[in-house]
Amino acid sequence: MNKAEMVNAVADKAGITKAQAAAALDTMVASIGSALRGGDKVTLVGFGTFSVVQRGARTGRNPRDNKPIKIAAKKVAKFKPGKKLADDVNGKGGKKKK
């Protein structure tokens, strides 16, 4: 699913215009990015958690000539799916325990 398809789905399910859905989606993505840049963790219960982790410097290989290259340390975004999302992906969603 690409962004346009996501906007269409949100607009249809929420009963809003595509412009409103696009604005909401853009705002959500920008808010998550802003929080991560600020060092915060973003948790959407049932969906998952976005966080930032530090990836250390390491040595890699240039695929063209197989010579070693230095890869600098950097921060990367990480996503850990929540239980509900994981269950939905694995076909277990919608079942209620008794």
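The values are calculated or read from the model by the stated rules, or taken from the named source; none is laboratory data. Everything numeric in this text was worked out from a predicted model, so none of it was measured. We place every Cβ from the backbone using ideal geometry, glycine too, and count neighbours over all the protein chains shown.
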### Query
Any idea which residue in segment 30-62 is modelled with the lowest pLDDT, counting only those that are under 21 Å from ASP88 (Cβ atoms) and not polar (S, T, N, Q)?
GLY46
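The rows are residues; the columns are (1) of a type in the set (Val, Ile, Thr); (2) under 28 Å from LYS3 (Cα atoms).
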position: ALA24; (1), (2): no, yes
position: GLY33; (1), (2): no, yes
position: LEU44; (1), (2): no, yes
position: VAL52; (1), (2): yes, yes
position: ARG58; (1), (2): no, no
position: ASN62; (1), (2): no, no
### Task
Please state which one of LYS78, LYS70 is loosely packed, with under 11 Cβ neighbours inside 10 Å and either outside any loop (DSSP other than H, G, I, E, B) or polar (S, T, N, Q) (or both).
LYS70
### Query
When segment 38-67 is examined, which residues are found to be in a loop (DSSP other than H, G, I, E, B) and more than 30 Å from MET28 (Cβ to Cβ)?
GLY56, ALA57, ASN62, PRO63, ARG64, ASP65, ASN66, LYS67
### Residue selected from segment 14-46 under the condition of a type in the set (Lys, Arg) and in contact with a helix residue (DSSP H, G or I) (Cβ under 9 Å, 6 or more places away or on another chain), by the criterion farthest from LYS83 (Cα to Cα)
LYS18
### Task
Test SER31 against the criterion of being under 13 Å from the mean Cα position of the chain (by Cα), without any contact (Cβ under 8 Å) to a residue 24 or more places away in the chain and not in a loop (DSSP other than H, G, I, E, B), and give yes or no.
yes
## Note on the structure
For segment 47-58 the number of residues that are loosely packed, with under 10 Cβ neighbours inside 10 Å and within 13 Å of GLY82 (Cβ to Cβ) is 0
